[in-house]
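Report on the following structure.
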Amino acid sequence: MTTESQTSHQPTLAALTAQWPGFSQAILDFMRELGLDGLGLECDHAALRVNTSQGADSLRDAFCRQGEIISNNVINGRPILIIALDKPWMLGELAIDCIELPYPGNKSYPVEGWEHIELVLPGGATTTDTLCQQLLARVPTLAPVLAQETEIKVKMSSPQGEHERLANPTIAFKRGNLCIKVHPHGIKTVIASEAK
């Protein structure tokens, strides 16, 4: 479902606010389909996709009127801001108190705006293999998805910022323009690890 505001070259906070209910419902439906909805996981942040630095600057300024930047880190060669919100955005029953705003890299996104959420699966996994095992123990029905036997794309990675000392392997489930990522540590814990 692509709306006019999603395809504009410069997404605004007003457009993102208008997109939020549709994005939220689509993400909640995807979580339910994956079997992640009944686990009581924390949703530590929602992430945007922006194609221009000017658009990212504009959103940075807008979100900074609703919170503050708690991390400005270079990950995979581009700045990624984490903005802690004064008042969380609600995704169903989940309170999201951080927004991830990546500056554009070499990739241009067909749809700008909301792109993914990240869920925290506690358990201290330090590798994607361990994280997979922990997730399968909680949601055995994910076996065919993780084996890449369905139309849902699965990507496993261990992204790391310049100053991160905490392993935070990630499993991303993606279909169309929607993505849900699962990792063992919340963004604030990762940021705290950078300061040590």
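The values are calculated or read from the model by the stated rules, or taken from the named source; none is laboratory data. Predicted model only: the values in this text are computed from it and were never measured. Cβ sites come from the backbone with ideal geometry, for glycine too, and all protein chains shown count toward neighbours. Side chains included, ligands, DNA and RNA excluded: accessible areas come from the protein's heavy atoms. Shrake-Rupley method; radii C 1.70, N 1.55, O 1.52, S 1.80 Å.
Summary table
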| item | result |
| --- | --- |
| Surface accessible to a 1.4 Å probe, residue 174 within the full protein complex, Å² | 70 Å² |
| Under the Karplus curve 6.51 cos²θ - 1.76 cosθ + 1.60, θ = phi - 60°, whole-Hz ³J(HN,Hα) for the range 171-184, x wherever Gly or Pro sits | 10, 10, 10, 10, 8, x, 8, 10, 8, 10, 10, 10, 8, x |
| Per-residue HN-Hα couplings for the range 74-82 [Karplus 6.51, -1.76, 1.60; θ = phi - 60°; Hz; x = Gly/Pro] | 9, 10, 6, x, 9, x, 10, 9, 10 |
| Dipole magnitude of the range 57-181, debye to nearest 20 (Cβ charges: Lys/Arg +1, Asp/Glu -1, about Cα centre) | 260 debye |
| Karplus (6.51, -1.76, 1.60) ³J(HN,Hα), θ = phi - 60°, over the range 95-110, in Hz, Gly and Pro reported as x | 9, 9, 10, 9, 10, 9, 10, x, 6, x, x, 7, 8, 9, 8, x |
| Nonlocal amide H pairs with residue 78, under 5 Å, H built at 1.01 Å | none |
| Å² per residue, accessible surface of the range 95-173 at 1.4 Å | 48 Å² |
| Relative contact order %, the chain, counting alpha carbon pairs below 8 Å whose residues are six or more apart | 23 percent |
| Range of Cα positions in the chain per principal axis (Å), largest first | 43, 42, 33 |
| Compactness relative to 2.2 N^0.38 Å, alpha carbon Rg of the range 41-81 | 1.25 |
| Relative contact order (%) - criterion: Cα under 8 Å, at least six apart; region: the range 55-136 | 21 percent |
| Residue 116 accessible area, 1.4 Å probe, all protein chains in place, Å² to nearest 10 | 0 Å² |
| Highest-fluctuation residue, 170, 150, 130 considered, GNM on the chain with Cα pairs under 10 Å | 150 |
| Over the range 114-196 - Rg/Rh using Cα atoms and the Kirkwood inverse-distance radius | 0.98 |
| Amide H within-cut-off set for residue 116, under 5 Å, with H built and near neighbours excluded | 47 |
| Within the accessible area of the range 40-196 (1.4 Å probe), percent carbon and sulfur | 49 percent |
| Value of Rg to Rh for the range 23-106 (Rh from inverse mean 1/r over Cα pairs, i.e. Kirkwood) | 1.01 |
| Helical contribution to [θ] at 222 nm, DSSP H n ≥ 4, -39,500 (n - 2.57), averaged over the chain, rounded to 500 | -9000 deg cm²/dmol |
| Cross-link pairs beyond the 21 Å C-alpha cut-off, checked among 107/174; 87/181; 87/188; 107/181; 87/107 | 87/181; 87/107 |
| Relative contact order, percent, the range 102-196 [alpha-carbon distance under 8 Å, six or more residues apart] | 34 percent |
